[in-house]
Amino acid sequence: MLFSGYTLLRDPHFNKGLAFTEDERDAHYLRGLLPPSVIPQETQVKKMIQHVRQYQVPLQKYMAMMDLQERNERLFYKLLIDHVEELLPVVYTPTVGEACQKYGSIFMHPQGLYISLKEKGKIREVLRNWPEKNIQVIVVTDGERILGLGDLGCQGMGIPVGKLSLYTALGGVRPSACLPITIDVGTNNEKLLNDELYIGLKQRRATGQEYAELMHEFMTAVKQTYGEKVLIQFEDFANHNAFNLLEKYRSTHLVFNDDIQGTASVVLAGLVASLKLVGGNLADHRFLFLGAGEAGTGIAELIALETSKQTNAPLEEVRKNIWLVDSKGLIVSSRKDSLQHFKKPWAHEHEPVKNLLDAVNKIKPTVLIGTSGQGRTFTKEVIEAMASINKRPIILSLSNPTSQSECTAEEAYKWSQGRAIFASGSPFPPVEYEGKVFVPGQANNAYIFPGFGLGLIMSGTIRVHDDLLLAASEALAAQVSQENFDKGLIYPPFTNIRKISAHIAANVAAKAYELGLATRLPQPKDLVKFAESCMYTPAYRSYR
C-alpha cells in the first residue's frame, strides 16, 4: 500500500528521498516537503558512501547504515551491494559484535520481533503483530553465545538483523520476506542484569523444561503461521541447545544452524579449493582442530561426509583422519566417558596429549583449523611446527571477531616463511612478506547462507539434507578462479557475491530436486537463470 505526502517520506519501504520525480511529487503530495533538486539513486549512493566513510569508528559507520535502513530501505541495499567488500564488515562481523555489546545504548528503533518468557502461551498472537504475512526466512537467536563474546541476552538482536540484511543484499531474498527474532529467556551476564539500560528480561536464563516448552511453542507457532516451507535459521545459541534444537526439529521443520552447518559448508569449500594449490584429495589430508564446539564438530563432520562420498569409505573410517583438541587436550578414546555426545565420534585411539603444540607434533596434520573462540592460540611455535611438517601448511583461523582470531594473517605468513595457505573468519588486510603480497581469504558464512537459503526458497524445499550443504560447498569452490589462486586466495572475492549466490542456489536446488525434497514443480530448466530471476534488486520503482 502506497501512502502519500509526509507519511510516504517516513516509510522506509517506499521512500526514495530526493529521487522522487517531478510527476511523483505532484501525484503524491510531496511538493514543498523535499528540496527542489531531483537526484538519481546512483548519485544518492555516492553521497551516502562518502557520508559513511567520514566516520573513523566502525560502530559509527554501523549506526549510519542502520539509520539509512530505517529511512530508505532500497538505498540501504543498493549501497551495500555496490560496496559489499567495504560494508560487509560494518553491517556484519566484526562490527556487529560490538553493536550487540552496546545494543542497549545505541537502541533507536525496535527491529524484528522480541519473544520473551512473558509471551509464553501467546506466541502465535505475537507473530500476528508482525506487519508482513508472507515470511520465507526467519533468523532466530536466544543471545547466549554471540560470536566469541558470550551471553548478550536480548541485545543479541543485532545478529538476526545483520544476517537478514545479507540474505537480501547477497542472496536476493526480498526484505519483506525476512523476519529477525530474538527469544529472550533471561541472561546470565551479571553486567547486563545490573545495567539500567538493559533492554531484556532482568532474570537468570531459563533452562530445562521451561526453555524447551517456550522453544517448542515458538517452532509450532512459526509453522502454523507461515507454513511448511519457511526457513528457520538458528543463530548463536549455546552448544548444548544448538545441537539439541537442530536434532529435535530437523525432521519436522526446514531448519538450518549457520554456526554448525553454514560454517562447515564454507570451510569445506575453502578446503576443496585449496587442494588445487597443495594437490591430493581430501582423503590424503590430516585435519587437526583447536576447538570442539558447534563450529569444530560441524566442520569435521562435513569434511568426513564429503570424503566418504568421494572415496566410498565408511564414515567411521574416514573420521580417523580428523582430530580435535578441546580445553582438556586431544580428544582420545580414553576420555570417552566424560565427553559431550557431539564430541564422541572424534575420540580416536591415541595416548593423551595435553596441548596444541604437542598435538601438532604427534598427529602431523596437513590442515590446522581454529574454532576455539580464543585469540592468539596459534602461537609462533605451532605455526613453525606446521611449516616444518608441510611444504604448504593450510591454516584456517576462524574465530570471530578479529580479537578472538587464533592468529593474524601476518603471523601465519611470516612464521611459515610465506608458505601458509591462510584464511580467517574475520577480515585481515593484505600482507607483504619478502616482496610478495599475500591476500588472506575470509571463510565468511556470508558466502554460503544467502545462496543456500535462496536455493531452498526457490525450489520450495521442505527439509535440509546434508547433501544440500555439500552441494553448496562444491558450488562455492568451483567459483574460485586461477587469478584468485595466483594471489593465494581460496575464496572468490565478495564483489561477485550475487553471481556466486545464484550458482550456489542453483546447485542446492538441483540437489533438492534430485533427492525429492523440492515442492516447486515442474523443475525450472535453467536453475542459475531462475535463481537470478528470483533475486530482489534494490533499484527504485516508479510510482504513478
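Points worth noting:
- Calculated FRET efficiency for the pair K525/E22, C-beta based, R₀ 60 Å, to 0.05: 0.90
- Set of aspartates and glutamates near K191 by C-alpha distance (under 20 Å), chain-local residues within fewer than 8 positions excluded: E98, D142, E144, D151, D236
- Proximal lysines to K343, defined as alpha-carbon separation beneath 30 angstrom and excluding residues fewer than eight positions away on the same chain: K163, K248, K309, K320, K328, K354, K362, K364, K380, K511
- FRET efficiency for the R335 to K118 pair, using the beta carbon distance and R₀ = 45 Å, is estimated at 0.60.
- A518 sits among other residues whose Cβ lies under 14 Å from its own Cβ, and their net charge, with Lys and Arg +1 and Asp and Glu -1, is +1.
- The chain: angle of helix 208-226 to the longest principal axis, Cα-based, in degrees nearest 10: 50 degrees
- Rg over Rh, two decimals, the range 98-252 (C-alpha only, Kirkwood Rh): 0.94
- Here the range 122-164 was treated as a single set of alpha-carbon atoms; its pair distances binned every 10 Å from 0 give 25, 45, 26, 4 percent.
- Vicinal HN-Hα couplings computed from phi for the range 96-105 (Karplus, 6.51 cos²θ - 1.76 cosθ + 1.60; Hz; Gly/Pro x): 4, x, 5, 4, 5, 4, 10, 4, x, 8
- Correct option for Cα Rg over 2.2 N^0.38 Å [calculated from the coordinates] among (i) 0.98; (ii) 1.42; (iii) 1.06: (i)
- Antiparallel DSSP beta bridges within the range 264-446, percent to nearest 5: 20 percent
- Protection proxy ranking of 497-505, 436-444 - average other beta-carbon atoms within 10 Å, highest first: 497-505, 436-444
- Near G148, the amide H atoms lying under 5 Å from its own belong to N400; only residues 5 or more places off or on other chains count, and H is placed 1.01 Å from N.
- Percent carbon-and-sulfur accessible area, the chain, ignoring ligands, DNA and RNA, probe 1.4 Å: 51 percent
- Two-decimal Rg to Rh for the range 5-91 - Kirkwood Rh, Cα set: 1.01
- Packing-based order for 133-139, 461-467, 299-305, 262-268, using average beta carbon neighbours within 10 Å, highest first: 262-268, 299-305, 133-139, 461-467
- A cut-off under 14 angstrom between Cβ atoms defines the neighbours of E532, and their net charge, with Lys, Arg +1 and Asp, Glu -1, is +3.
- Calculated [θ] (222 nm, deg cm²/dmol) that DSSP helices of n ≥ 4 give over the chain, each run adding -39,500 (n - 2.57): -13000 deg cm²/dmol
- 1.4 Å probe accessible area per residue over the range 264-446, in Å²: 39 Å²
- Cβ charges +1 (Lys, Arg) and -1 (Asp, Glu), total dipole of the chain, debye: 500 debye
- 3J(HN,Hα) along the range 440-449: x, x, 10, 7, 9, 4, 5, 5, 9, 4 Hz, from the Karplus curve 6.51 cos²θ - 1.76 cosθ + 1.60 with θ = phi - 60°, whole Hz, x for Gly and Pro.
- Whole-Å distance, taken between Cα centres, linking the range 36-60 and the range 200-250: 39 Å
- Highest-first packing order for the peptide set 145-156, 422-433 is 145-156, 422-433, based on the mean count of other beta carbon atoms within 10 Å.
- Descending principal axes extents, the range 400-544, alpha-carbon based, whole Å: 56, 45, 30
- Of V137, G150, T182, farthest towards positive along the dipole that unit charges on Lys, Arg, Asp, Glu beta carbons give the range 129-182: V137
- From phi via Karplus (6.51, -1.76, 1.60), per-residue ³J(HN,Hα) for the range 153-158 in Hz, x at Gly/Pro: x, 5, 6, x, 3, x
The values are calculated or read from the model by the stated rules, or taken from the named source; none is laboratory data. All of these numbers come straight from a predicted model, not from anything done at the bench. Quick reminder, even Gly has a Cβ in these numbers, built from the backbone with ideal geometry, and neighbours come from all protein chains shown. Only protein heavy atoms, including side chains, enter the accessible area calculation; ligands, DNA and RNA are left aside. Shrake-Rupley method; radii C 1.70, N 1.55, O 1.52, S 1.80 Å.
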